[in-house]
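Remarks on the structure that follows.
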Amino acid sequence: MSVLELTKELKYQLLQAHPGLEQRLRPGLPPRDAVALAARYGVTLTDEALDFFSVLNGFYDPYAEPQQETHLYQGRFLESLEDALEHYHELWRRGEDKEEQALIFNAYQGEFFLFDSQALPPLRFLGEDSLFFYAFDLRGEGKPVWDMDDLSGLSVVFENLEAMLRTLTTLLAEGVLLFDQGEWGIEDSRAEREIMERCNSKSGD
């Protein structure tokens, strides 16, 4: 399945599991609007990013109560394109001199794949404290989806955006990721590990 198809399936599965979430989801951003928005920040979006944000563009006020509605997986939520682009713009605005850029790079190493002034990437899957997030590289499609832990560092969680979406839709479709008693949770950690392995391998294609 394509990124577009998987993103549509993820939205469908989320609303099947918790219909009330529809009121928290922002409408998808038409590709033309996403391109224009990104251009204002000097960013060129890949086709997969355009497809993703055309269906899922984050949540209205994800910090508002009840937060658990938007904390989809491992206590994290997806940001809107505009919020994520503004975040990167602010980081680079503060890092105009090389010394400050070096400090920013050390503090936010998970947000950058190469040390330069390119603002990237615009997809973040954040935790409450903003120390943890998934991100994918705008330079080309099919890049790994990273996890940045402020304590343990940077690691690859998913092979690419497609694998991330395939994993989440499968967790939902197989009843492993559930919305119960007001929050999202994993029903069976062993089944979660099996799905993670299956959906991140070539056999999952």
Which parts of segment 166-185 would a label at Gln68 reach, counting a residue when its backbone N lies under 13 Å from a point 7 Å out along Cα-to-Cβ? 178-185
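If each residue of separation counts as 0.36 nm, what is the full-extension length gain between Thr44 and Tyr60 once their alpha-carbon separation is subtracted? Mind showing how you got there, number by number?
Working: separation 16, 0.36 × 16 = 5.76 nm, distance 2.43 nm.
Extra length available between Thr44 and Tyr60 comes to 3.3 nm.
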So for Arg32, Arg124, Arg193, what's the accessible-area order with a 1.4 Å probe, most first? Arg32, Arg193, Arg124
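The values are calculated or read from the model by the stated rules, or taken from the named source; none is laboratory data. What you see is a predicted model, and the numbers here were worked out from it, not measured in a lab. Cβ atoms come from the backbone with ideal geometry, glycine included; neighbour counts cover every protein chain shown. Note: areas computed on protein heavy atoms with side chains; ligands, DNA, RNA excluded. Shrake-Rupley method; radii C 1.70, N 1.55, O 1.52, S 1.80 Å.
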